[in-house]
Amino acid sequence: MKNPDAIVIGAGVVGACCALSLTNAGLKVLIIDRGPVASGTTGAGEGNILVSDKGPGAELTLAIRSRDLWFDINTDIGGGFELEAKGGVVVSRSAKGISDLKKLSVLQKENGVEVIELDGAGLRKIEPYLSESVEYGVLYPGDAQCQPMLAAAQIIRAVKKRGGSFIQGENVIAINSNAGSLIGITTDKNNYSCPIVINATGTWAGEIAKLAGSHLPIMPRRGFILVTAPAPKIVHHKVYDADYVANVASSDADLQSSAVVEGTASGTILIGASRERVGFKADLDISILRQLARQAISLFPVLSSIGLLRAYRGFRPYAPDHLPVIGEDANISGLWHAAGHEGAGIGLSPATGELITAQITNQSTFIDPTPFSPKRFQGSEYVAV
Amino acid sequence: MHNVVIVGGGPAGLSAALTAAVAGAPVLLLDSNPRLGGQYWRTPADNFGDQNENHFDLATGLKLINSVKAQSNIQVLSGAQIWSASHKDGVSTLRVIYQGSEKIINTGNLILATGAYDRSLPFPGWDIPGVMTPGGVQSLIKGHGVVAGKRVVVAGSGPFLLPVAAGLVKSGADVVELLEANKSWRWASSILVLLENLSKIKEGFYYIEAISKGKVRARFGQAVVGAYAGENGELESVDIAKIDRNFKIKKVRNIKCDVAAIGWGFTADTSLAGALGCKQVVAKDESVVVLIDSKQQTSITGVFAAGEITGIGGSELSMIEGEIAGKSAAKFVGCAVDISRSDLIIRAKKQRFAAALIKAYPIKSGWRSWLDEQTVLCRCEEVDLADLKDSIVELGATDSRTAKLLTRCGMGLCQGRICGRFVVDLVADQLNISPTDIDRIAAVSRPIITPIPLGVLAAGE
């Protein structure tokens, strides 16, 4: 593509949503990735679109907006990525956990999230196989799920149909600027001139920022997911332990895990979620698989006889303050970052694309973008490891 | 403490176990089957004397099995499934499901003899009940005394079709067609190899004689290219095509049958070797095999491999490889034993025969023209050719991994054991490129080697 209006680096779900939003705003967009579509964190995710796991604040506002935008995109591009408004169920079994969950759900409700408190009988009515030991939970009808790789691929297909293009197998090696303004990028194969570039490279976004002389402390936070053999419908919602919310918000480098269990359109059951900061260590850690299996069985004892078929791991793009990075670069105008969504990237992508596009096209934004600005890291002591 | 751990109870594993034990090394033999013998010497639960006449050299197998059982320094664990394995600092860790719970086995001296399974190719209707692999048909006869059907078509390519047809005839089935896709002249260039492997000729005549009793005549240059179900949803007839030397269809006829046993040779089961980190390579027949040196040692010191996983070559090559691996492993743990010159000579002779087989029974790319858009590729996840094409043309997949993740092709219960190999070819075909070795090796990578119940996983430490 000659002279694109904007280049998106990264063909994951964040890049795809930015590209679609820009395309729908009338820009000619080129997507570039060093690998195939969704070959990074997107391809290793569960496809969470959650409003249940966030306390009040900028990220919750982003999540609520994004959740609705997913259904708009589904209509806009004609679906094809298994979007399902399945609802989430958060449960707790300790007195403190229950009291925290109650407090959180009250605050969420005040901020526009639909919440329904359930006792043991109510829970087992909607999740018949849930352990008898669970006596309190909150149903979040707003939680949804999609197949993230298909989502990225289908959105990029739509972008191409609307005049955009996608080049894979090129690695960006330079961000080119003149007097603080972006003029283009250089890959290992080509030069591209372009006034606007969006860095949507997820866990690797710090490397692109570095090419621009900026500091973006995005770190990998590893997670494993277990995939079972196809099973009859056992789990109807996304069901997870309230500890998950605490783990998501934690900055600890050590291993944390909490049960997250859900069925998929294909009949397999996905079991998460572990979090640990061990760099890009790729090996299969059997002890984590065992822990995830134990936690899942404690929620759904019937899972004990279901076979584990696969396990995979991904690297969530983690920012030290747990907020995604969405905004213009501190040093180079025209360079925009859309990364660092940690485990919420699938859910937050459409709103990220919308927020980026609104700022680029000088439209009003639905939320004050300041908390997400990459400028917050300039001069900070945050160091990527 | 076991000095040598061997995985697999077929010709290679049994030979390795006996050789290592006789040399003085205590052996632990793990086998996933309920009874020793592997696919090749599969026997029913009791009274396998009856089976002797269905099998060219079951006597050899029974002798070997009995010797292994009689050897006091061999412990056998039958029905042991390895679900995961890893190697670190000279120690291989095998995580085994045995009698409903998990057992961890650590060893510095390991012989892998995990064998092979049938290679399948897709065609319209191959997912209809009644279309089987020759190995499946044979294991029903050998293992359970069950004949899969009354009117049977045996087809595909390779010498394994002969014993399967012979077994069916002896069991009373009507083998209505025996079809070899390749032409018989392909053997012409390997006459010398045949002459030095007279036992193989003898074996061939044994089966031909058995087949001729059923008035079955082998036809060459023909293949099953379509299958149709009757009202009950089961196989009713197949399309048989005369094919050219590249497997392109020339002329088609239809024939009634209730079972079609179709196989295209074998695929080595290298999942365990891959999980341990042994280097794998792509062989001449484009199958992924474990790389070994002259001592049968893999790229990992102290991990040896023998039999079909080092390259498809049949039971005789498997046995000599097993013996050499057994000696190597025994020597590695300090036993006074050496590989002899005659071992190497025999292995070389059998290897030449294996190479001649690959030359005589090539699988040509024309099979890809038998498919239509609705031909199912992945039977577990019900992915058809149109879905695969869509992932490439519309969704932009440019490699088999991405195509697989976008379609779920090969992600079902069999973990891609059936479709993984040919999907790599079909993806490359769509993209007009040749598959890389990395693609082929990735297609057989299975970190979870066999599904493990979550309860068993959870109970482990």
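Look through region A:20-35, keep the residues that are within 12 Å of chain B (Cβ to nearest Cβ) and crowded, with 24+ Cβ neighbours inside 10 Å, and return whichever of them is nearest to A:Tyr318 (Cα to Cα).
Top of the filtered list is A:Asp33.
How do the pairs read when you match residues in region A:164-177 that are away from chain B (no Cβ under 12 Å) and under 16 Å from A:Ala38 (Cα atoms) with residues anywhere that are among the aromatic types (Phe, Trp, Tyr) and in a loop (DSSP other than H, G, I, E, B), using Cβ under 9 Å and keeping only pairs 6 or more apart or on different chains?
none
Given the conditions (1) modelled with pLDDT of 95 or more; (2) touching a His at 6+ places or on another chain (Cβ under 6 Å), report the number of the one that A:Phe377 does not fulfil.
(1)
Kindly state which helices (runs of 4 or more DSSP H) lie completely within region B:359-461 and contain at least 3 residues that are away from every other protein chain (no Cβ under 11 Å) and surrounded by fewer than 22 Cβ atoms within 10 Å (Cβ to Cβ). Outline the logic, then answer.
Working: elements: B:385-393, B:400-407, B:420-431, B:437-443, B:454-459.
Filter on region B:359-461 gives B:385-393, B:420-431, B:437-443.
State which residue pairs qualify: first residue under 15 Å from B:Gln430 (Cβ atoms) and inside region B:368-395, second residue aromatic (Phe, Trp, Tyr) and buried (at least 18 other Cβ atoms within 10 Å of the Cβ) in any location, beta carbons under 7 Å apart, and separation of 6 or more residues or different chains.
So the pair list comes out as B:Leu371/B:Phe123; B:Thr375/B:Phe123.
Please verify whether A:Val260 is in a helix (DSSP H, G or I), closer than 20 Å to A:Asn48 by Cβ and more than 9 Å from every other protein chain (Cβ to nearest Cβ), treating the condition exactly as stated. Please lay out each step first, then the result.
Details: in a helix (DSSP H, G or I): no; closer than 20 Å to A:Asn48 by Cβ: yes; more than 9 Å from every other protein chain (Cβ to nearest Cβ): yes.
No: the conditions fail for A:Val260.
So, in region A:302-320, exactly how many residues are touching a residue at least 40 places away in the same chain (Cβ under 8 Å), facing another protein chain (nearest Cβ under 7 Å) and either surrounded by fewer than 16 Cβ atoms within 10 Å (Cβ to Cβ) or in a helix (DSSP H, G or I) (or both)? Spell out the reasoning first.
Quick first cut of region A:302-320, residues touching a residue at least 40 places away in the same chain (Cβ under 8 Å) only: A:302-303, A:306-320.
Filter once more, so that each one left must be facing another protein chain (nearest Cβ under 7 Å): A:303, A:306-311.
With either surrounded by fewer than 16 Cβ atoms within 10 Å (Cβ to Cβ) or in a helix (DSSP H, G or I) (or both) added as a condition, the list becomes A:303.
Residues meeting the conditions: 1.
Please count how many residues of region B:72-126 are surrounded by 15 or more Cβ atoms within 10 Å (Cβ to Cβ), in contact with a Gly (Cβ under 8 Å, 6 or more places away or on another chain), among the aliphatic types (A, V, I, L, M) and over 24 Å from B:Val137 (Cα atoms).
4
Yes or no: B:Leu36 within 14 Å of B:Gln75 (Cβ to Cβ) and crowded, with 24+ Cβ neighbours inside 10 Å? So that I can check it myself, show each step before the final result.
Working: within 14 Å of B:Gln75 (Cβ to Cβ): yes; crowded, with 24+ Cβ neighbours inside 10 Å: yes.
For B:Leu36, the condition - within 14 Å of B:Gln75 (Cβ to Cβ) and crowded, with 24+ Cβ neighbours inside 10 Å - is met.
Checking A:Tyr129 against (1) within 14 Å of chain B (Cβ to nearest Cβ); (2) closer than 30 Å to A:Ile198 by Cα, which test does it fail?
The failed condition is (2).
Can you name the number of the only condition in (1) more than 14 Å from chain B (Cβ to nearest Cβ); (2) within 30 Å of B:Arg408 (Cβ to Cβ); (3) buried (at least 21 other Cβ atoms within 10 Å of the Cβ) that A:Glu84 fails?
Single failed check for A:Glu84: (3).
Given the conditions (1) within 14 Å of another protein chain (Cβ to nearest Cβ); (2) in a loop (DSSP other than H, G, I, E, B); (3) at pLDDT 95 or above, which single one is not true for A:Gly40?
Result: A:Gly40 passes all but (3).
Please list, ordered by first then second residue, the pairs with beta carbon atoms under 6 Å, 6 or more apart or interchain, first in region B:170-196 and closer than 13 Å to B:Lys213 by Cα, second of a type outside the set (Gly, Ala, Ser) and in a helix (DSSP H, G or I).
Taking only residues 6 or more apart or on different chains, the pairs are B:Lys170/B:Asn54; B:Ser171/B:Ile141; B:Val175/B:Leu168; B:Val175/B:Val169.
Could you please let me know if B:Gly135 is in contact (Cβ under 8 Å) with a residue 24 or more places away in the chain, farther than 24 Å from B:Gly233 by Cα and assigned to a helix (DSSP H, G or I)?
Working: in contact (Cβ under 8 Å) with a residue 24 or more places away in the chain: yes; farther than 24 Å from B:Gly233 by Cα: no; assigned to a helix (DSSP H, G or I): yes.
Considered against the rule, which asks whether it is in contact (Cβ under 8 Å) with a residue 24 or more places away in the chain, farther than 24 Å from B:Gly233 by Cα and assigned to a helix (DSSP H, G or I), B:Gly135 comes out as no.
Looking at region B:345-358, can you tell me whether even one residue there is assigned to a loop (DSSP other than H, G, I, E, B), more than 10 Å from chain A (Cβ to nearest Cβ), within 25 Å of B:Thr310 (Cα to Cα) and in contact with a Gly (Cβ under 8 Å, 6 or more places away or on another chain)?
We begin by selecting, within region B:345-358, every residue assigned to a loop (DSSP other than H, G, I, E, B); these are none.
No, region B:345-358 contains no residue that is assigned to a loop (DSSP other than H, G, I, E, B), more than 10 Å from chain A (Cβ to nearest Cβ), within 25 Å of B:Thr310 (Cα to Cα) and in contact with a Gly (Cβ under 8 Å, 6 or more places away or on another chain).
Return the residue satisfying two criteria in turn: it lies in region A:278-299 and is of a type outside the set (A, V, I, L, M, F, W, C) and within 7 Å of chain B (Cβ to nearest Cβ), and of such residues it is nearest to B:Pro447 (Cα to Cα). Show your work before the answer.
First, the residues of region A:278-299 that are of a type outside the set (A, V, I, L, M, F, W, C): A:279, A:281, A:283, A:285, A:287, A:290-291, A:294-295, A:298.
After this cut, where a residue has to be within 7 Å of chain B (Cβ to nearest Cβ) as well, the list is A:290, A:294.
On the way: A:Arg290: 15, A:Arg294: 20 Å.
This residue is A:Arg290.
Take A:Val278 and tell me if it is under 19 Å from the mean Cα position of the chain (by Cα) and of a type outside the set (Phe, Trp, Tyr). Reasoning before the result, please.
Values: under 19 Å from the mean Cα position of the chain (by Cα): no; of a type outside the set (Phe, Trp, Tyr): yes.
Judged against the criteria, A:Val278 is not a match.
What number of residues in region B:217-276 are part of a strand (DSSP E or B) and over 19 Å from the mean Cα position of the chain (by Cα)?
Quick first cut of region B:217-276, residues part of a strand (DSSP E or B) only: B:218-220, B:222-229, B:235-243, B:249-256, B:259-264, B:266-268.
From what is left, the residues that are over 19 Å from the mean Cα position of the chain (by Cα) are B:218-220, B:222-229, B:235-243, B:249-256, B:259.
Residues that pass the stated criteria total 29.
Taking the condition of being touching a residue at least 24 places away in the same chain (Cβ under 8 Å) and surrounded by 22 or more Cβ atoms within 10 Å (Cβ to Cβ), how many residues in region A:273-301 meet it? Don't jump to the end; show me each part of the working.
Filtering region A:273-301 for residues touching a residue at least 24 places away in the same chain (Cβ under 8 Å) gives A:273-282, A:284-285, A:288-289, A:291-293, A:295-296, A:298-301.
With the extra rule that they be surrounded by 22 or more Cβ atoms within 10 Å (Cβ to Cβ), the set shrinks to A:273-275, A:289, A:292-293, A:295-296, A:299-300.
Summing the residues that are touching a residue at least 24 places away in the same chain (Cβ under 8 Å) and surrounded by 22 or more Cβ atoms within 10 Å (Cβ to Cβ) in region A:273-301 gives 10.
Report whether or not A:Ala351 is crowded, with 24+ Cβ neighbours inside 10 Å and either under 25 Å from A:Leu182 (Cα atoms) or more than 14 Å from chain B (Cβ to nearest Cβ) (or both).
Details: crowded, with 24+ Cβ neighbours inside 10 Å: yes; either under 25 Å from A:Leu182 (Cα atoms) or more than 14 Å from chain B (Cβ to nearest Cβ) (or both): yes.
Spelling it out, A:Ala351 is indeed crowded, with 24+ Cβ neighbours inside 10 Å and either under 25 Å from A:Leu182 (Cα atoms) or more than 14 Å from chain B (Cβ to nearest Cβ) (or both).
I'd like the full set of residues that are closer than 17 Å to B:Ala403 by Cβ and of a type outside the set (D, E, K, R), limited to region A:143-173. First the steps, then the outcome.
Here is the first cut: in region A:143-173, the ones closer than 17 Å to B:Ala403 by Cβ are A:147-154, A:156-157, A:166, A:168-169.
Listed by number, the residues that qualify are A:Gln147, A:Pro148, A:Met149, A:Leu150, A:Ala151, A:Ala152, A:Ala153, A:Gln154, A:Ile156, A:Phe166, A:Gln168, A:Gly169.
For region A:59-79, check the following and say yes or no: at least one residue is under 23 Å from A:Ala153 (Cβ atoms) and assigned to a loop (DSSP other than H, G, I, E, B).
Yes.
Could you list, ordered by first residue, the pairs with Cβ atoms under 6 Å in which the first is in region A:185-214 and under 11 Å from A:Asp329 (Cβ atoms) and the second is crowded, with 20+ Cβ neighbours inside 10 Å and charged (D, E, K, R), at least 6 apart or interchain?
Listed by first residue and then by second, the contacts come to A:Ala212/A:Asp329; A:Ser214/A:Asp329.
May I ask you to say which residue of B:Gly130, B:Gly136, B:Gly167, B:Gly90 is over 22 Å from B:Lys364 (Cβ atoms) and in contact with an Asp or Glu (Cβ under 6 Å, 6 or more places away or on another chain)? Before you say what the answer is, go through the steps one by one.
On the way: B:Gly136 fails: in contact with an Asp or Glu (Cβ under 6 Å, 6 or more places away or on another chain); B:Gly167 fails: in contact with an Asp or Glu (Cβ under 6 Å, 6 or more places away or on another chain); B:Gly90 fails: in contact with an Asp or Glu (Cβ under 6 Å, 6 or more places away or on another chain).
Exactly one of B:Gly130, B:Gly136, B:Gly167, B:Gly90 is over 22 Å from B:Lys364 (Cβ atoms) and in contact with an Asp or Glu (Cβ under 6 Å, 6 or more places away or on another chain), namely B:Gly130.
Out of curiosity, is B:Val169 more than 16 Å from the chain's Cα centre (by Cα), outside the structural domain of B:Ser328 (by TED's automatic domain parsing) and either modelled with pLDDT of 90 or more or part of a helix (DSSP H, G or I) (or both)? Full working, then the answer.
Values: more than 16 Å from the chain's Cα centre (by Cα): yes; outside the structural domain of B:Ser328 (by TED's automatic domain parsing): yes; either modelled with pLDDT of 90 or more or part of a helix (DSSP H, G or I) (or both): yes.
In short, yes.
The values are calculated or read from the model by the stated rules, or taken from the named source; none is laboratory data. Just so we're clear, the structure is a prediction, and the values are computed from it rather than from any experiment. Positions of Cβ are generated from backbone atoms using ideal geometry, with glycine treated the same way; all protein chains shown enter the neighbour counts.
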